[in-house]
Amino acid sequence: MGAELRRDDMAEEAGVIRDAVAFRLVEHVLQSVRMEPFLVDPRDMEQYEKMLKTLDTSKRKSADDEALYVTYLKALSDAVSKIDIMYHHSLLNNIFSVRIWYLQRDTMVALLDLLTRLAAVADQYLRECLQVLVNNFTPPIVGERNEVPPWAVSRKKDIFSYLCESLKTISDTVPLAPRMLRDIIDRSMPKLFDNKAKMISFVECMLGLDTDRMGDLIGAILLAKVVDLLTELDVNITWEDILQEEHDKGIFEMELEDLDADDDGDGFGQAGTKVCFGGNACAEKLDGLMVVVCEHLKSLDRQCLYKEFVILKTIFRASLLRVHRSKFAQFIMFYTCSLDPKTLGEDFAVFLTDIVTEKKEDPISRMSAVSYVGSYLSRARFISADTVVTILKKLVDWCVDYCDHQSKREATPIPNHQLFYATCQAVMYVLCFRLRSIMDYPNLKSDLFHMPFGFLFRHRLEPLKVCLPSIVNEFLRQAKVAGLVAAFVDPAAEDAIESDLSRTFGGINRLDMFFPFDPYLLKESDRYIRPNFEFWSMVKTTYSDDTDDDDDELEDLDAPEMNVGSLDDHVEIDINSDDDDLEYSMNKMSITPHHSFLHQMAMDSDGGLSMPARIRPSTSPQSRWAMSGDSP
C-alpha cells in the first residue's frame, strides 16, 4: 500500500513515500503543531493543513485523494497518543463529523479503526466516538418523500454490521462505554414526528447490538427504548369513532355479521373490506417498526430468545400492562410467545394469571391482567387446550375463593366487585372460543365439568346478570349444547341477561372488558401475527354443524363494515377485492368502550397511569366507581 505525500525538503525526487514513512511524517506533524501557531515550523503547518483538507469529506475526492485519505486515517490510528484536543480541534472535528455512508469500504474500515482507538484514550474522546457511531445508525434521507436512496439500502446491512462491531469492540475495551452508550442512545432515539425511514433504520441498527455480551450489558435498556417508542406511536393513533354505529351490537354479532356485496360489484363486502391506514403517519411508522422488531426476535436462537422474553416480560409488566390506549404494541409479546409456544407461550399465560390472583398487586394491574389473559387464551392459536384448562381452573378457583370470602361479609354494591366480574367474564369469553376444542379431549372435558361453575354462577353476586350480555349469551348457548349449562343454570335463570339488574348495570355502568389482542390491523406486520391468530370465524362452536364448509381460508378473514373516519381523517376503506386486499381484512370482535370504569380508575390513581385498551366508543357514560372492597 502506498500514497503520495510530498515534502519539499525530502530527497526523493519522485516524492513517493511508503506507508511506514508516511506514518512517521503524520506523527511528526501532529507533534510539531502542539504549540502556539507562531512557534510552529511553516512547513509542518502546511502539511497539517493539507491533511485537514484531505480529511474534509464535504468535497468529492479523486481516486488518489481517496487513497491518501485512507493512509492518513491509518497513520492517525497509529498516532492517537499524539492527538490533543487543544491543538488538533479542527482535525478531530473532521473525524467526528464524518458520515460513513458516503465512504468507500476501505475508507470506512480505516475510519472505524481510528474511532475505536480514539475511544480507548483515557478520559478523552469516548463520548465523541460513541456519538459519531450512533449518529450513523441513520442512513441519508433524500427526496421529497424522505426515503433512503437505493444505494444506501444496498449498503445498509453491511454498514450496520461494521457499526455494531465497532461499538462492541469499544465496549470490550473501555468498561465505561456501555453505560455511556446507553445514555447516548437514549438521547438519540427517534422522536414521534421523525420520518419513518429514520425510525426504522435507527431501531434496526440498535437491535443489532442486542446480541452476545453486548446484549447482556445493554440489551434490557435497548428493548425498553424500543417498546417505549412503539407505545408512544401506538397511543397517538386516534381511534375515537371506530364502531360508533355498532355500539349496541354484541361482539360476536359484530364479527360475524354478513355484508352484502356492493350493487356496483366493487367487492365492498365481508371478504373484500379492509382498513387502510395509508396517510396515518403514526400507524405507518408503527407498522414498519413492528416488522423490524419481529424480524429481530425471529433471528434469535432459542437461548437468546428466552433471555429476550424475560426482558420483554419485565418491560411489559412495568409499562405496557398499564398503558391505557395501546392497540398494537402488545402484540410483540404475542409474537414472541408464538416462537416457542410450549415454553414462552405457557409462561406468559401463567405470568398474567399470577398477577390477577395476587392480592398484593395493584387494582389497575390486576384488572388489566385479567383482560390480557382472557384475550390471549382466546386468540393465541398456539396455546394448547391443556394449558387453557389449567389457567381456567386457576381463575375459577380464585373466583370461588372470592365468593367464599364475600359470603362471610355483608352484601356490598356491585361496583365493589369489579375484578371478580371481570374474571368471570374472561372465563366465559375464553370458553366461547375454546369450549368446543376442550370437549374433544375426554380428560380435559372431565376437568372442565368438575370445575364449580354451579356454585360460582349461582352465588349471590350473580355474575351472569352482571357480565356483558353478549358474552353471557354466547357462553350459555355453547355451554347448553355441551351439557355444561345444566349443572348451574335452571330454566328460570336463562333470561338472566335480560334481568333488571343486567339492564341497569349493563346500561349506565356496564362491565366493559378490554381485549388487548383484538384483530391486528397493521398491514405490513400482519404477516407475523395472522398465522397464529384465532379469528372468530375460525372457531368451531359446540352448536356449529361440522358438515359446514368453514375451512376456506378466505372465510377466516372477517371484515364487517366499519366507521374508520376517526384516524385523523386519514384512514380509508379500500374496496378493492383482489387477493392482496383479503390479507388485510379486519375482524371486529371488541367490546372495549371509550370511557369505562377502568379508565376512571387509571385517571384517579396517584401515578397517573392508565389501562391498556383498544379505544372503542360506547354510549356508556364515564363511570365514577372507585376500587373498593377486599378480594382474595
Quiz item: Just one of the numbered conditions (1) open to solvent by 10 Å² or more (accessible area, probe 1.4 Å); (2) in contact (Cβ under 8 Å) with a residue 24 or more places away in the chain is not true of Lys50; which one?
Solution: (2)
Exercise. Consider Lys393 carefully, then state whether it is open to solvent by 40 Å² or more (accessible area, probe 1.4 Å), farther than 22 Å from Ser525 by Cβ, among the charged types (D, E, K, R) and modelled with pLDDT of 95 or more.
Key: yes
Practice problem: Could you list, in sequence order, all residues of segment 66-116 that are exposed (fewer than 14 other Cβ atoms within 10 Å of the Cβ) and over 43 Å from the mean Cα position of the chain (by Cα)? | Solution: Ser81, Met86
Quiz item: Could you list, in sequence order, the residues of segment 505-534 that are aromatic (Phe, Trp, Tyr), under 26 Å from Arg366 (Cα atoms) and modelled with pLDDT of 90 or more?
Solution: Phe517, Tyr520, Phe533
Practice problem: With the checklist (1) at pLDDT 50 or above; (2) over 30 Å from Ala329 (Cβ atoms); (3) open to solvent by 60 Å² or more (accessible area, probe 1.4 Å) in hand, flag the one item Asp500 doesn't pass. | Solution: (1)
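Might you check whether a residue that is under 16 Å from Tyr520 (Cα atoms), out of contact with any strand residue (DSSP E or B) (no Cβ under 9 Å at 6 or more places or on another chain) and surrounded by 24 or more Cβ atoms within 10 Å (Cβ to Cβ) occurs anywhere in segment 318-326?
Our first condition is that a residue be under 16 Å from Tyr520 (Cα atoms); within segment 318-326, this holds for 325-326.
If we keep only those that are out of contact with any strand residue (DSSP E or B) (no Cβ under 9 Å at 6 or more places or on another chain) too, we end up with 325-326.
So of that shortlist, the ones also surrounded by 24 or more Cβ atoms within 10 Å (Cβ to Cβ) come out as 326.
There is at least one residue in segment 318-326 that is under 16 Å from Tyr520 (Cα atoms), out of contact with any strand residue (DSSP E or B) (no Cβ under 9 Å at 6 or more places or on another chain) and surrounded by 24 or more Cβ atoms within 10 Å (Cβ to Cβ).
Among residues belonging to segment 236-251 that are assigned to a helix (DSSP H, G or I) and surrounded by 19 or more Cβ atoms within 10 Å (Cβ to Cβ), point out the one that is modelled with the highest pLDDT.
Here the residue is Ile251.
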Quiz item: So which residues in segment 351-373 are at pLDDT 95 or above and open to solvent by 50 Å² or more (accessible area, probe 1.4 Å)?
Solution: Asp354
Quiz item: Got a number for residues in segment 90-134 being under 22 Å from Pro178 (Cα atoms) and of a type in the set (Phe, Trp, Tyr)?
Solution: 2
Self-check item: The lone exception for Phe328 - which of (1) closer than 21 Å to Met199 by Cβ; (2) in a helix (DSSP H, G or I) it fails
Solution: (2)
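Considering only residues that are among the basic types (Lys, Arg) and within 30 Å of Tyr528 (Cα to Cα), which ones fall in segment 362-393? Explain how you work it out, then say what you get.
Just the residues of segment 362-393 that are among the basic types (Lys, Arg), to begin with: 366, 379, 381, 393.
Correct list: Arg366, Arg379, Arg381.
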Quiz item: Considering only helices (runs of 4 or more DSSP H) fully contained in segment 32-149, which possess at least 2 residues that are in contact with a strand residue (DSSP E or B) (Cβ under 9 Å, 6 or more places away or on another chain) and modelled with pLDDT of 90 or more?
Solution: 63-78
Self-check item: Residue that is surrounded by the most Cβ atoms within 10 Å (Cβ to Cβ), among those in segment 117-151 that are farther than 18 Å from Cys205 by Cα and among the polar types (S, T, N, Q)
Solution: Gln124
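The values are calculated or read from the model by the stated rules, or taken from the named source; none is laboratory data. Everything numeric in this text was worked out from a predicted model, so none of it was measured. FYI the Cβ positions are ideal-geometry reconstructions off the backbone, even for glycines, and counts take in every protein chain you see. In case anyone asks, the SASA skips ligands and DNA or RNA and just uses the protein heavy atoms, side chains included. Shrake-Rupley method; radii C 1.70, N 1.55, O 1.52, S 1.80 Å.
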